[in-house]
1. Among rounded, prolate and oblate, which fits region 308-352 when a ≥ b ≥ c are the square roots of the eigenvalues of its C-alpha gyration tensor, a/c under 1.5 means rounded, and a/b larger than b/c means prolate?
2. So if I take the centroid of the Cα atoms in region 258-276 and the same for region 91-138, what is the distance between those two points in Å?
3. With n ≥ 4 as the cut-off for DSSP H runs, can you work out [θ] at 222 nm for the chain, using -39500 (n - 2.57) per run divided by the number of residues, rounded to the nearest 500?
4. Would you work out the charge dipole size for the chain about its Cα centre, treating the Cβ of every Lys and Arg as +1 and the Cβ of every Asp and Glu as -1, and quote it to the nearest 20 debye?
5. Between the alpha-carbon centers of region 339-353 and region 1-77, tell me the distance in whole angstrom.
6. Would you mind checking which residues have amide H under 5 Å from Ile186's amide H? H placed 1.01 Å from N; only 5 or more apart, or other chain.
7. Compute the long axis of helix 18-30 from its Cα atoms, compare it with the longest principal axis of the Cα atoms of the chain, and write down the angle in degrees, 0 to 90, nearest 10.
8. If you place +1 on the Cβ of every Lys and Arg, -1 on the Cβ of every Asp and Glu, and leave all else neutral, what size is the dipole of region 101-147 about its Cα centre, to the nearest 20 Debye?
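Just so you know, all these numbers are worked out from the coordinates, no wet-lab data involved. Fair warning: this is a prediction, and the values are worked out from it, not measured in the lab. Because the Cβ atoms are built from the backbone with ideal geometry, glycine has one as well, and the counts that use them run over all protein chains shown.
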Amino acid sequence: MKDSEFIEIDGSFGEGGGAILRLGSGFSVLFKRPIRIKNIRANRPKPGLRLQHLIGLQTLSEITNSTLSDCKVGTEVITLNPKQILKNSTKVEVGTAGNIGLLLQPIQIACLGFKEPEKIEILINGGGIFGKYAPSLNYLKEVTYQIFKNHGFNIEIAIQKYGFYPKGGAIVKCTLHPPKNELNPILLTELGKLYLIRGEIIVTNQLKKKKVGERIKTSVLEHLKKDLHTDINIDYKYVNSLSPGVGLSLWAYSDTGAIISSGTILGERHITSEKLGKLAANELLKYIKNEVPIDNYLSDQLIPFMGFVEKPSRIRVLEITSHTKTNLELIKLFLQRNYLIKKEKTHFLIEFQ
């Protein structure tokens, strides 16, 4: 293939991290455009592919029968020549605590444009359910994938075993259902009235004696009930895992179809259970008090969906994150699609026309 036929992507632009790689490869398959990405993760302490990025690329190319250049951990330049011949199942081995949600991102983007097979099953052995600077599978399942489902794209997650940093060891089944019908545009600009707040606190059995789950739940309820008069249902669960850890997420449903969230909150040694519960509650309350229907962690995940759907989409966000800026700039390379960002008093509007 001639060099001129490749879309050239500089992996150092924007936030210069793995998002460029994940979105670029997903868009490549979705729009049948070969890509060359250079300077991969150039702005990170360890540039080049990490194992989770490598596995994500290899899984995407295997499922779609695409041609991926030779690459390994540390590789800083890759090419991908896409095809759209999908396998209906595959197994993935992750030897680290690499985040599973990030591994799935390019595949879910690619699948936006497929009509068949009826479903694609991915069995993942290893990796982490929770990780720093990444969405947990609990968050994706209850927030991102629920919004996708409400607009025509169904992704199911079944967690069979939990994995935390540093050993990982999760076992997960992901089932993607390529949309058979036209996807609906996302129009979420009003928070509306909340009718239910839910939350899930995952704690490994190593911390059971300290009643970490119970203490976090008590703290969350204490801080939410001071400000809200909405039904609240917070669950905690103790699980087996190779490494000790705590992960939680809160989310709230509104009558406009919005689902706002605290994002993924991780336990750390220097943070007490009580402080962790307060932190999660305050993250959720931040969006509620500003009447914003899209949390900062969801906005960038919606951009590929909004860009792909031909009808106009519009969302209101509290801020334009670096990931959102990067995703918007990357879409320009693949689509002749105009978008607007409008600053208002306490928020921003992002609109695809």
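1. On the way: a/c = 2.57, a/b = 1.47, b/c = 1.75.
The shape class here is oblate.
2. Cα centres, region 258-276 to region 91-138: 23 Å.
3. Roughly -9000 deg cm²/dmol at 222 nm, from the helical runs in the chain.
4. With Lys and Arg at +1 and Asp and Glu at -1, about 720 debye.
5. That distance is 29 Å.
6. For Ile186, the qualifying residues are Arg314.
7. That helix lies at roughly 60 degrees to the long axis.
8. Values: 4 positive and 4 negative charges, 32 e Å.
The dipole of region 101-147 has a size of about 160 debye.
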